[in-house]
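Q: Dropping the structure in here first, questions after.
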Amino acid sequence: MSKTKEKLTNAQRFVNAYNSIDQTLRARHNIRRSLSFSDMIRRTVAVDYIVRKYEDVLIDYGRLRNAIIHKSNDKFLIAEPHEEVVAEFEKIAYLISAPLKVWDTVCTKDVVTVDCKMNLCEVIKLIYKSTYSNLPIYKNGGVIGVANGQKILDYIGKKLSEGAEISSLIENTTIENVINEDTSGHVNFVVKDIDLTVEEALNLFYQNRKLLMIMLTKSGSLDEAPIGILTPTDIMDLNKTLD
């Protein structure tokens, strides 16, 4: 009869979670061993959404780890953290070491696209029927921008204020004309492959507040057909998957 695997104590589980986080972050962000755990957390806040979300908890638990270990040896544990504390630390360790993929969570997979030669009337109808306010625009098989409902409305408003006639405007203006006249300088979209993680997606939206869309293709190429889409409206759901 085989031996039953010995059940880990709360302290052992806590230290294992700490080690997992420490090793993963140092390897992922190329951080030297001499930098303390707390300083490592503070350094990675700007580039790692999970760390930013749990920054204070991670620093507090890093200090707790130092308090329960005697002589920097994992075998000499002198205190037992509460089960709730251990469970939370293990959850954070899992999110950092085995990040969730957007493709398996909240990614919108029924993708609706717009041809660059469609006029504004056609695009507005498509936005209304699809209920999506951001649609990728394609030209010669590649994505060139995003048909955004608010941007289209702003464009129409600008032209009407300049004396344009509404019917002629929406029938004779292509969506390509609209994005070509956009001089705001912001990035409309980012193309990524299906291995994009929830944490990476949230970082992209965090780093560029004007980002309208993250588009997924199989290998992350502009020339591939989109198989999934994320927009700023998905940020709340992305956060929920981390909780």
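Q: What dipole magnitude, in Debye to the nearest 20, does the chain give about its Cα centre under +1 on Lys/Arg Cβ and -1 on Asp/Glu Cβ? Walk me through the intermediate numbers first.
A: Numbers: 31 positive and 33 negative charges, 196 e Å.
Its charge dipole is roughly 940 debye.
Q: Okay, helix-only estimate at 222 nm for the chain: each DSSP H run of n ≥ 4 adds -39500 (n - 2.57), divide by all residues, round to 500 deg cm²/dmol; what do you get?
A: Working: 11 runs with 117 residues, N = 243.
Computed ellipticity for the chain at 222 nm equals -14500 deg cm²/dmol.
Q: Would you kindly state how much longer the chain becomes between Tyr206 and Lys7 on full extension, computed as 0.36 nm times their sequence separation minus their alpha carbon distance, in nm to one decimal?
A: Working: separation 199, 0.36 × 199 = 71.64 nm, distance 4.06 nm.
So the chain would gain 67.6 nm between Tyr206 and Lys7.
Q: Follow-up question, since we're still on this one. Quick one: among Tyr61, Tyr138, Tyr155, which has the greatest mean-square fluctuation in a GNM of the chain with alpha-carbon springs under 10 angstrom?
A: It is Tyr155.
Q: Please report the antiparallel percentage of the DSSP beta bridges confined to the chain, to the nearest 5. Display every interim value, and only then the final one.
A: Numbers: 14 of 21 bridges.
The antiparallel proportion sits near 65 percent.
Q: Let me ask something additional. Between their Cα atoms, which of Lys129/Lys158; Lys7/Lys192; Lys125/Lys240; Lys139/Lys159; Lys91/Lys151 are more than 30 Å away from each other?
A: Long pairs (Cα-Cα over 30 Å): Lys7/Lys192; Lys125/Lys240; Lys91/Lys151.
Q: Ok, one more. What FRET efficiency, computed as 1/(1 + (r/R0)^6) with R0 = 35 Å and r the Cβ-Cβ distance, is obtained for Ile78 and Lys240, rounded to the nearest 0.05? Kindly include the intermediate steps, with their values, before the conclusion.
A: Details: r = 38 Å, r/R0 = 1.08.
Taking R0 as 35 Å, the efficiency between Ile78 and Lys240 is 0.40.
Q: May I ask for the angle, rounded to the nearest 10°, between helix 120-130 and the longest principal axis of the chain, with both axes built from Cα atoms and the value confined to 0 to 90°?
A: Once rounded, one gets 40 degrees.
Q: At a Förster radius of 51 Å, what calculated FRET efficiency corresponds to the Cβ-Cβ distance of Ala225 and Glu88, to the nearest 0.05?
A: Numbers: r = 41 Å, r/R0 = 0.80.
It comes to 0.80.
Q: Among Ile59, His29, Ile78, flag the residue with its Cα farthest along the positive direction of the charge dipole of segment 10-98, charges on Cβ as +1 for Lys/Arg and -1 for Asp/Glu.
A: His29
Q: Return Met118, Met40, Met236 ranked ascending by Cβ neighbour count within 10 Å, so the fewest neighbours appear first.
A: Numbers: Met118 19, Met40 22, Met236 9.
Least crowded to most crowded, the residues run Met236, Met118, Met40.
Q: Further, regarding this structure: Using +1 at the C-beta of Lys and Arg and -1 at the C-beta of Asp and Glu, which of Thr108, Ala46, Ser97 has the Cα lying farthest in the positive direction of the dipole of the chain?
A: Ser97
Q: Anyone know which of Ser133, Ser161, Ser221 comes out most mobile in the 10 Å Cα GNM of the chain?
A: It is Ser161.
Q: A further question on this structure: Restricting to segment 104-242, compute how many DSSP beta bridges are antiparallel as a %, nearest 5.
A: 60 percent
Q: Cut-off 10 angstrom, C-alpha nodes, Gaussian network model of the chain. Which of Asn119, Asn16, Asn30 fluctuates the most?
A: Among Asn119, Asn16, Asn30, the largest mean-square fluctuation in the Gaussian network model of the chain belongs to Asn30.
Taken together, the values in this text are just the output of simple stated rules run on the coordinates, not laboratory data. All values derive from a computational prediction rather than experimental measurement. For neighbour counting, all protein chains shown are included, and Cβ atoms are generated from backbone atoms with ideal geometry for every residue, glycine included.
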